[in-house]
Each structure stands twice: as structure tokens, then as C-alpha cells.
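The block underneath contains the structure these notes are about, expressed in C-alpha cells.
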């Protein structure tokens, strides 16, 4: 089994072991939650098994694991989160032409979309106010909040597909017509989602998934917005809007982190006020490490210089992020020169969509939590994945000591205040605040982030400093995603971002 | 290489691609004004200089008529012989202006 990314000892244990999936079985119950946001995450978890990272050069034989179209060079992977079309025909025909991307889900040429339509019709409820509620409304904007007082009918599954967007949104045409105004708000976006999903499965060549390599330090990256970032990092020009959406869907993860930590960050203390004084302090400490001065080092023995330890980015509650292609995560290390990175994915679902890398390594004294370590990605990047809750690892002192000059926590859509997931964060959060290391959080909407912030403030009794005010993320995903459990719930990855940290006291009262 | 490396941000007719225009967008207005300002400054400097070093205007200086008869000394050229008095007059006028 060839692999570029997994260390040889992990590979060896993978070959040897025949125990399968003991870890994921226990955690499958976590995904059985209702609710707006966690069902989004649950649907991510149920997302089809992706591109195999280990079998980089082999086209898998499973019918729906197809990935690369014939034209793509073998090492370019399409997104692992989404299924591509079935393995291409010998002549490399595309399934769908670019002008033929809109299809109703049930009549789609792609079997995967038809399967999704069938799934939605058996799991998603019609949002018309005359049905009874099926779950607690999670926000004032939730369509479930409109149901209740005047509800007369039993909840019904969605069956009727809107003719404009092709996605089943209502149980019947009458309810669709009745609720037209609220559907119209999202109909255009749903149609866009429809076309983007078909585009991903159309089997065309994806030039937007070709990522550039490192560039010289003098060629400074402009992080004002996506277009300037892509141009100054010398990506291939992405002229189509649709291609831009597909590309940013993946790149949002590393670039969001990079845009905050870098000294070229668009979030400034002065200009738009997103960063606070405490934020400036915390980020200056990190930037001191991330932009080191030249040391006169070169490749010779005389050019050896002491090098600092790697910057550790802990990505907690990692779900699909951990399965992103490693070229995407490397874009983070290309923003910073002469810095080594260690990305640590921690979370019960951190091996989502990575079934090919199972079984996990054995728990040995050298690797007490059976982490999957990928240290061959590049000289500057190492990725470890722990399938554990963070508080377990914190109590074990695995990553101790934490240094605010080197470490950073990143939480992608954690749902801190979300009723279904907040109990899981209750143990972890005090430990995060105690480390005094900056914690960057993203969220699906502004309301989501405010709720998270209020939850943190209440739980921690104000023992936290906000480093960056909640607001829109300049490097959010431009592509909207559909939640298969609720078609009216559309979200884009990393829509908003904010950051906080445990409160530091310069002096403490002596009792 | 067969051809010179081409940036994907320009199409085959070397026009700017939409990606490049989008990337330039935040700076477009400011750059246009800077460009206009620089051009205006350059044109201004040139025009002032040319104006300043332009030749003097002698239209108000009376040019004495050419003498009808050449004076005692024969001359072959067409140069005008200017009398000493006329020369003094011109000097006085130049000093005045």
C-alpha cells in the first residue's frame, strides 16, 4: 500500500491489525442528533466516502468512489467531502455539460443526486406553518419557529420539488405556493447549490483544484479578499464564478486560519475594529513566531541554526476538515516562511470520510492515543489526528506545556451554544481558557456566533477576553451547502469568525 | 520551453481576465486618480518649462530699415549693418524690459 502521507510505522500497524473500527462505533451515536446545525454536521458525517488519500494514484474500483476525470493529473484530488461522478468512461466523456447543470434532484443524471433526493424525501419535513413542529426551533429565524399556534396537520415529509430550484422543499404544491415568499428568499441560492452539486459530479476537468506551491518571501500575499489572495498567491486564474465557489469551499479552512494569524491580516485593530487590544496582544505573540527574521541559515553544516519548535494549530471538533486534501492544508504553511507547522485534529469525528486509513494505529507508550500521524507531507508540515475528546488529552497532559507564542486552537463551527452539542464542549472549554492560548472560532451565521459567545460568557462567568469581534469572515466559503435533513437550512462554511482567550490577569489579589 | 510562460490572468489576446479585474477591484479607483494626478503633474511641468524657456518676444523692438545705399565699405554678405546708435537703443530697451 503506497502512501505519501502516513508514517511507515502507522502503515505497518494498519497492515497488521485486523480489528476494525472499534473507535467509530462508539461515536456513531453522537451523530444522531436533531437540530439545525448538528444535522448539518450529521449530514457531513453521512457524506459519501471520499477520494482515498492513501491510494493516490489508483482509481478505486468501487462504483461510486470514482474521482478523477481522465484529464486530471493523478495527484490532484477533487474534494474528499463530495462524491464525484462514477469512474469516467474510457473516452473521458463528461457526464454533464456546463450549460446543462440544472436538474431536479429526482431526475438527475447522477445517481448520487437521486439518492440524496430520496433521502430528503424520507427525512426532511415540510416547513409550512400548518404542520406541527418536529423539533425545537433553534433560532428566531428557524422556520420551525413559525409552526406551533396554528398548526393543524401532522408533519409531512417533503415531496414536492420547487420547479425553479429543483430541490424538494414542500410536501405539496399548495404548501409550496402558500409559502412562496419565504421560499423565494432562498430559491436562487438553492438553484445555485443544485447547479454546483451537479457541476462537482459532471466529470469535467477541475483546474481550480490545482494549488500553487511555495513562493518567495518577497512576493507578499495580499489578503484583502479572495481575489487578491488567489492572484498574489499565483493560483491559476479562476474566471468562472462557479469555479471560484468550488475552490473556496475547500480553501476556506486553511486560509481563514492564515488570514487571522498572519501579519498581513485584513482584520485590523484600527480600520474596522474587529480586533481588540487583547487580540492584538495575543496575535502579536503568535506573529512573532510566524514571521521570524532571517537567520543566515542554509543547507550546509555551517548554516545550521537553532530552529524553534513547530507552531501547533489544534483543530478541535474536527469533522470533515481532517479529510481535506493535504495540498489544501499546505497552503497554510506556504503563507509563512521558515516556520514549521503541526496541525492536530482532535475530536470524536476526526476520522470522518477517512475510512481508508482505518484501522487506527495501536495504542503504544510512544503513541498513547493511537493517533494517525502524517509527517511526510513536507518539511514544514505535520498532521496528527486524534479520535478523542480534547479534555481527555488535556487531562493526560499530552500537549503540555501550552505556549501562547506557538499554539493556537481553532474550532470550525463548534456549535458551542447549540443545545445538542454544548454539553460536549462543557468539559473542554474551561481547559482551553486555562491555557491562555488564542481560540479562533467560526460559525454558520451571525446569530450562531452570538449564541456561542453568550454561552462562553455565561459558562465561564466572564473569564474570557474577546480577541476578535464576531463578524463576517472575509475568507468564507462562497459556496452554499444544503442540509439533507432540512433543505431550507443552507449554510456556508466558515461564514463568520471570532476569537477569544482565557482572561489574563497581570496581577492577582493576594488573599 | 516552446513558448514564453503566459500568465493565466490574461487571455490569448492579452486582455485582462475577469479574475484579474476582480483582483484589481479594491484599488481601481484610487489607482486611476493617482494615474491622472501623475499625468497632470507631468504635463504641468512640461508646459511650464516650455513656457518659461520660450524665446523672448521681440515684436516690440523696432528694427531699423536696411540702408538704401551700402555705406562706404563694400560688403558681400547680406548682413545688415547696424549703426552704433541703433545698438545703444536696443540695449536700453532690453534693460527696460
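Annotation: for a label point projected 7 angstrom from Cα along Cα→Cβ of residue A:297, residues of the range A:382-419 with backbone N closer than 16 Å are A:382, A:406.
FRET efficiency for residue A:307 and residue B:56, Cβ-Cβ distance as r, R0 = 51 Å, nearest 0.05?
Values: r = 73 Å, r/R0 = 1.44.
Computed FRET efficiency for residue A:307 and residue B:56 comes out at 0.10.
Could you list A:173, A:240 so that the one with the fewest beta carbons within 10 Å of its beta carbon is first and the one with the most is last? Present the calculation step by step, with values, prior to reporting the outcome.
Working: A:173 13, A:240 16.
Ascending Cβ contact count within 10 Å gives the list A:173, A:240.
Could you tell me the calculated FRET efficiency between residue A:277 and residue B:24, based on Cβ-Cβ distance and R0 = 41 angstrom, to the nearest 0.05?
Details: r = 34 Å, r/R0 = 0.83.
It comes to 0.75.
Spin-label model, residue B:89/residue A:152: points 7 Å from Cα along the beta carbon direction are separated by 11.7 nm. With the cut-off at 19 Å, report for the range A:398-511 the share of all Cα pairs above it, as a whole percent. The calculated P(r) of the range A:398-511 puts 49 percent of pairs beyond 19 Å. Model label sites at residue A:99 and residue A:210, defined 7 Å from Cα along the beta-carbon direction, differ in position by 2.6 nm. One chain, two ends: residue A:133 and residue A:436. Fully extended at 0.36 nm per residue, the span grows by 104.9 nm beyond their Cα-Cα distance.
In terms of the Cα gyration tensor, with a ≥ b ≥ c the square roots of its eigenvalues, is the range A:202-312 rounded because a/c is under 1.5, prolate because a/b exceeds b/c, or oblate? The shape class here is oblate. The simple spin-label model puts a point 7 Å past each Cα toward its Cβ; for residue B:38 and residue A:285 those points are separated by 4.4 nm.
Laboratory data are not the source of any read-out in this text; all were calculated from the coordinates shown. Computed from a predicted model, the values in this text were never measured in an experiment. Positions of Cβ are backbone-derived with ideal geometry, glycine not excepted, and every protein chain shown enters the neighbour counts.
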